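First up is the structure itself, then whatever we jot down about it.
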Amino acid sequence: MSGDFAPPSREVVDADVARALAEDVGSGDVTAALLPDTADSAYLLCKEDAVIAGRPWFDACHRALDPQVRIDWRVQEGDRVKAGTVLAILAGRARALVTAERSALNFLQTLSGTATTTAIYVDAVRGTKAKILDTRKTIPGLRQAQKYAVRCGGGNNHRIGLFDTVMLKENHVRAAGSLTAAIRVARAMQPSLPLVVEVETLAQLEEALKEGCDRVLIDDFDASARREAVRIAAGPPFNSAISLEVSGGVDLATLRAIAEDGVDYISIGALTKHVRAIDLSMKLGPPPNLFSH
């Protein structure tokens, strides 16, 4: 675990929740309106093994509809839980509980899915120096939420967007005329920002290392080229001053071997792109004793 679970600002969380409730509730929950609006309780059940992420969004959904709702969480963000775990007990108004249910679960199941997938990849490289990175391949409008979930799963964030890191790729190099020219323009125009340079050949790798940057991304290198890239970057005169990142063609079957080659970072779009939601449910009433552990 990275330990850095600080969520996005409350303004970001509230804006995400407002959009979700607006599309779900619309002009009003016509089914919940049939219920007596009395005090009630509910429990939140995780039905499979998972890493939990998304509590701020879950809470905000319920508090937007019932500011007095009480949510007693039994787990922390980033916790690994077993199937059958009761995650939280809620107490509030019956109508608000059932109206907020779906939106709250959508956030929690999606972000827990991202955290769970990330933890699997992090576990696979444990014992090596490689760190797992996410990418910009996120659900539109939920980037900060998903990148937070990656941290809950023990991963690390790459750039948040196009504004916080200069990342030179094939098209940028082509437009600039050469890799060296692209690096020099980037350094001149954005001297305070991190600079990541994608290379496609060993010759480009040496060019990037000689010109200087913060990280070199070796994209779609085969195993022998990747090992040679690590040897070049680690040896004189570069002496591991510039870190290496691997991207492209990475899955769980190839991940361990890539990490053992000695690279510093492995970026994986699947953490946020291939989302499989965690199976959760929320039911009114007290939790059955069977699931109360």
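How do 20-33, 185-198 rank on mean C-beta neighbours within 10 Å, highest first?
Numbers: 20-33: 13.1, 185-198: 15.4.
In decreasing order of mean packing, 20-33, 185-198 become 185-198, 20-33.
Under 14 Å between C-alpha atoms is the cut-off here; go through the chain and count lysine pairs that meet it, provided they're at least eight residues apart or on different chains.
5
Select one label from [x] 21.1; [y] 19.9; [z] 22.5: the one whose number is Kirkwood radius over Cα pairs in Å as derived from the coordinates shown.
[x]
Arrange the peptides 277-287, 262-272 so that the one whose residues have, on average, the most other Cβ atoms within 10 Å appears first. Please list the in-between numbers first.
Numbers: 277-287: 15.9, 262-272: 21.8.
So the peptides 277-287, 262-272, ranked by packing, come out 262-272, 277-287.
Can you give me the convex hull volume of the Cα atoms of segment 128-273, divided per residue and expressed in Å³?
Working: hull volume 16.5 nm³, N = 146.
Looking at segment 128-273, the number lands at 113 Å³ per residue.
Quote the convex hull volume per residue of segment 1-159, based on C-alpha atoms, as a whole number of Å³.
Values: hull volume 17.6 nm³, N = 159.
Value for segment 1-159: 111 Å³ per residue.
Just the Kirkwood number for segment 91-181, please: inverse of mean 1/r across all distinct Cα pairs, in Å, one decimal.
Working: mean 1/r = 0.0628 Å⁻¹.
In segment 91-181 this quantity evaluates to 15.9 Å.
Calculate, axis by axis, the spread of Cα positions in segment 1-51 along the three principal axes, and write the results as whole Å, longest axis first.
46, 28, 20
With angles folded into 0 to 90 degrees, how steeply does helix 143-152 sit against the dominant principal axis of the chain? Use alpha carbons for both and round to 10.
90 degrees
Expressed as a whole number of Å, what is the distance separating the alpha-carbon centroids of segment 234-293 and segment 90-162?
Segment 90-162 and segment 234-293 have Cα centres separated by 11 Å.
Quote the Stokes-Einstein diffusion coefficient, in whole µm² s⁻¹, for segment 18-95, based on the Kirkwood radius over alpha carbon pairs, a temperature of 37 °C and a viscosity of 0.692 mPa s. Walk me through the numbers on the way to the answer.
Numbers: Rh = 13.9 Å.
Estimated diffusion coefficient is 236 µm²/s.
Please report, for the Cα atoms of segment 155-240, the Rg to one decimal and the Dmax as a whole number; what are they, in angstrom?
Values for segment 155-240 (Cα only, Rg and Dmax): 12.9, 36 Å.
To the nearest 10 degrees, how steeply does helix 10-25 sit against the main Cα axis of the chain, on a 0 to 90 scale?
Once rounded, the angle reads 60 degrees.
For the chain, take the longest principal axis of its alpha carbons; what is the angle in degrees between that and the long axis of helix 94-124, to the nearest 10 within 0 to 90?
30 degrees
For segment 160-240, which chymotrypsin sites (Phe, Trp or Tyr not before Pro) are both in a DSSP coil and crowded by at most 13 other Cβ atoms within 10 Å? Write out the running numbers ahead of the final one.
Values: sites: 163, 221, 238; in loops: 163, 221, 238.
Passing sites in segment 160-240 are 163.
Values in this text are rule-based calculations from the coordinates and carry no lab data. The structure displayed is predicted, hence computed values, not measured ones. Positions of Cβ are backbone-derived with ideal geometry, glycine not excepted, and every protein chain shown enters the neighbour counts.
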